[in-house]
1. Which condition number in (1) at pLDDT below 95; (2) among the hydrophobic types (A, V, I, L, M, F, W, C); (3) within 21 Å of Ile148 (Cβ to Cβ) is the one that Phe53 fails?
2. Could you look through segment 25-39, keep only residues that are in contact with a Phe, Trp or Tyr (Cβ under 7 Å, 6 or more places away or on another chain) and not in a strand (DSSP E or B), and pick out the one that is farthest from Ser189 (Cα to Cα)?
3. Can you tell me which residues in segment 158-168 are assigned to a helix (DSSP H, G or I) and not polar (S, T, N, Q)?
4. Any chance you could count how many residues in segment 133-157 are assigned to a helix (DSSP H, G or I), closer than 10 Å to Leu105 by Cβ and of a type outside the set (D, E, K, R)?
5. Across segment 53-89, which residue is farthest from the chain's Cα centre (by Cα) among those that are β-branched (Val, Ile, Thr) and crowded, with 19+ Cβ neighbours inside 10 Å?
6. Out of segment 1-24, which residues are at pLDDT 75 or above and assigned to a helix (DSSP H, G or I)?
7. I need the full set of residues from segment 14-55 which are of a type in the set (Val, Ile, Thr) and farther than 22 Å from Ile80 by Cβ, in order please.
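The values are calculated or read from the model by the stated rules, or taken from the named source; none is laboratory data. It should be emphasised that the depicted structure is a prediction, and the values quoted were computed from it without experimental measurement. When we count neighbours, we look across all protein chains shown, and the Cβ atoms used for this are built from the backbone with ideal geometry, even at glycine.
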Amino acid sequence: MSVLINASDFEHLSAGDADVSYEKAVALGHFSDGTLAGIGMDSSEVGFPPEIFREVYDKAYAAGIRRTAHAGEEGDSTYISRALDICRTERIDHGIRLVDDEALLKRVAKNKTLVTMCPLSNVRLRCVTKVAELPIRKFLDEGVRFSINSDDPAYFGGYILDNYCAVQDAFSLSFKDWKFIAEGAVEGSWCDDGRKEALLQKVQEWAGRYEGKF
């Protein structure tokens with residue numbers, strides 16, 4: 001089973017160091033043998049725009065390797081558009097500043113690009129002062145696919161269930177909202193089609209069991 005992890009923590013490295021890390025992973029066969037499912041940028045965002053690492057992403061794109069990036073968490077919404085346009089990322093990690101650019105928000109929704117949100121981490125890093133300030137309601141209303149994640153739970157002080165509970169406490173989401181989140185998270189994931197189908201079936205079974213009771 002492939003595990004989705006970053007090929008390297010690009011954003012605190014130079015472009016040259018990031019390229020070395022990528023080439024080592026390729027040489028070791030980590031992408032072809034399923035050890036790694038894709039590459040990503042993380043760590044500090046402001047001051048390290050996506051285009052710095054364009055060459056690495058170009059290589060990954062040419063090789064058919066999946067691509068994601070932290071963008072629009074600490075940085076503004078242009079970090080998101082540059083990650084999409086320059087690095088051709090398929091997914092956006094965090095992405096809360098997407099809400100500041102209506103055209104970009106609608107584009108992400110139309111293209112069904114997954115945004116991986118980490119609510120308690122966003123609070124801990126002071127990107128927002130509380131979970132209720134996150135654009136979760138806006139994303140739902142605009143049809144933006146997103147998942148809810150824990151982001152280094154031991155460090156940021158909240159495992160995945162804590163994040164789910166914090167979101168529910170802040171937004172009082174409906175059954176329909178949670179179904180949309182669950183389906184979008186599966187559909188936007190990097191699982192193979194068979195695994196997606198199995199997971200979506202589980203969502204449907206859950207929906208059939210509880211719809212109308214909440």
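1. Among (1) at pLDDT below 95; (2) among the hydrophobic types (A, V, I, L, M, F, W, C); (3) within 21 Å of Ile148 (Cβ to Cβ), the lone unmet condition for Phe53 is (3).
2. Ala25
3. Hits for segment 158-168 are Ile160, Leu161, Asp162, Tyr164, Cys165, Ala166, Val167.
4. At the first step, the residues of segment 133-157 found to be assigned to a helix (DSSP H, G or I) are 133, 136-142, 153-156.
With closer than 10 Å to Leu105 by Cβ added as a condition, the list becomes 138-139, 142.
Those still in the list that are of a type outside the set (D, E, K, R) too: 139.
Residues that pass the stated criteria total 1.
5. Narrowing segment 53-89 to residues β-branched (Val, Ile, Thr): 56, 65, 68, 78, 80, 86, 89.
From the residues that got through so far, the ones that are crowded, with 19+ Cβ neighbours inside 10 Å too are 56, 65, 68, 80, 89.
Details: Val56: 19, Ile65: 16, Thr68: 7, Ile80: 11, Thr89: 11 Å.
Only one residue fits best here, namely Val56.
6. Listed by number, the residues that qualify are Ala15, Gly16, Asp17, Ala18, Asp19, Val20, Ser21, Tyr22, Glu23, Lys24.
7. First, pick out the residues of segment 14-55 that are of a type in the set (Val, Ile, Thr): 20, 26, 35, 39, 46, 52.
Within segment 14-55, Val20, Val26, Thr35 qualify.
So that you can scan it fast, the table gives a plain yes or no per residue for (1) under 15 Å from the mean Cα position of the chain (by Cα); (2) at pLDDT 95 or above; (3) over 20 Å from Gly184 (Cα atoms):
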| residue | (1), (2), (3) |
| --- | --- |
| Ala109 | yes, yes, no |
| Glu133 | no, yes, yes |
| Phe139 | yes, yes, no |
| Gly143 | no, yes, no |
| Gly158 | no, no, yes |
| Cys165 | no, yes, no |
